[in-house]
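Q: For reference, the structure I am asking about is given below.
The values are calculated or read from the model by the stated rules, or taken from the named source; none is laboratory data. From a predicted model like this one, the values you see are computed outputs, not experimental measurements. With ideal geometry, Cβ positions are generated from the backbone for all residues, glycine too; neighbour counts draw on all protein chains shown. The protein model used for the area step is the full one, side chains on, heavy atoms only, and it has no ligands, DNA or RNA in it. Shrake-Rupley method; radii C 1.70, N 1.55, O 1.52, S 1.80 Å.
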Amino acid sequence: MSAAEYLPPRQTITALRKAAAGCRGCHLWKVGTQTVFGEGPRSVALMIVGEQPGDQEDRAGHPFVGPAGKLLDRALEAAGIDRDSAYLTNAVKHFKWAPDQRGKRRIHKTPNSSEIGACHPGLDAEINTIKPRVILALGAIAAKALFGPKTLVTKQRGRVITTPLADAGFVTVHPSAVLRAPDGERAAAEKALVTDLKKVARYLAKLST
Ligand code: URA
Ligand code: SF4
């Protein structure tokens, strides 16, 4: 079972979005509230791929609208990238979570390889339809899903990654990792994220000249 069985025959973003809403390609459709599909212009230079929707994204049905999304917005702006000019999506499109001990909060659970694999045909279809020039992975889950299991964010961040999926791939840390950094390290972690994003911005600028 995977998202492949739910892909529409004609792959437009509208058709893919509709199909994804009814996807039962893995058990996560029962865990999350709704499918959180990618968003952005239909034809873009930059696609940004996160891990999976978080608590707020799951409720709203839109990617990167919670705290990590706010931080990403700020970092993109600092790097001179307009969020609205990028297509934002996730490697896994349902929120995986478990209740905390008191049963009050929904705690993010990292998707496992079978869930990531099940959702991958949907991500591939998005890439093939949008055809971005540059794909940026946020964090290890997206980086490995896109550029292979050997991809290491710490080693490859901010450098061009050769990929058949686009002219160039990039990886950087997930904005949630910046939010989780200890107090004394958070500012530096955000700065390092912006530095990586500036390299993406520079690559994009070269493409359009
Ligand atoms: N984190 C992600 O990876 N994606 C979102 O959409 C929100 C938070
Ligand atoms: Fe389908 Fe992906 Fe949701 Fe699993 S996580 S049900 S594969 S959209």
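Q: So which strands (runs of 3 or more DSSP E) are wholly in the range 103-209 and hold at least 2 residues that are farther than 14 Å from Gly50 by Cβ and open to solvent by 30 Å² or more (accessible area, probe 1.4 Å)?
A: Details: elements: 106-108, 134-138, 168-172.
The strands (runs of 3 or more DSSP E) meeting that bar are 106-108.
Q: Sticking with this structure for a sec: Starting from residues that are under 16 Å from the mean Cα position of the chain (by Cα) and under 20 Å from Val92 (Cβ atoms), keep the ones in the range 153-165 and report whichever is nearest to ligand 1 (Cβ to nearest atom). Spell out the reasoning first.
A: Step one: filter the range 153-165 for residues under 16 Å from the mean Cα position of the chain (by Cα), giving 153, 157, 165.
Restricting the remaining residues to those that are under 20 Å from Val92 (Cβ atoms) gives 153, 165.
Details: Val153: 13, Leu165: 18 Å.
The selected residue is Val153.
Q: Do you know which residues across the range 30-50 are open to solvent by less than 30 Å² (accessible area, probe 1.4 Å), in a loop (DSSP other than H, G, I, E, B) and within 27 Å of Lys198 (Cα to Cα)? Quick ask: steps written out before the conclusion?
A: Within the range 30-50, the first condition is being open to solvent by less than 30 Å² (accessible area, probe 1.4 Å), and the residues that meet it are 32, 35-38, 44, 46-50.
Checking the rest, the ones that are also in a loop (DSSP other than H, G, I, E, B) come to 32, 35-38, 44.
Listed by number, the residues that qualify are Phe37, Gly38, Val44.
Q: Would you say Val65 is within 16 Å of ligand 2 (Cβ to nearest atom) and β-branched (Val, Ile, Thr)? Steps first, answer last, please.
A: On the way: within 16 Å of ligand 2 (Cβ to nearest atom): no; β-branched (Val, Ile, Thr): yes.
Spelling it out, it is not the case that Val65 is within 16 Å of ligand 2 (Cβ to nearest atom) and β-branched (Val, Ile, Thr).
Q: Looking at the range 51-90 only, could you name the residues that are open to solvent by 10 Å² or more (accessible area, probe 1.4 Å) and aromatic (Phe, Trp, Tyr)?
A: Once the filter is applied, which keeps residues that are open to solvent by 10 Å² or more (accessible area, probe 1.4 Å) and aromatic (Phe, Trp, Tyr), the range 51-90 yields only Phe64.
Q: One residue is enough: does the range 40-47 have a residue meeting the conditions at pLDDT 95 or above and β-branched (Val, Ile, Thr)?
A: no
Q: Go over the candidates Val65, Val36, Val44 one by one and state the one that is among the β-branched types (Val, Ile, Thr) and closer than 18 Å to Ile135 by Cα.
A: Val44
Q: While we're on this one: If Cys26 satisfies every condition in (1) part of a helix (DSSP H, G or I); (2) in contact (Cβ under 8 Å) with a residue 12 or more places away in the chain; (3) within 18 Å of Asp124 (Cβ to Cβ); (4) not β-branched (Val, Ile, Thr) but one, which is the exception?
A: Result: Cys26 passes all but (1).
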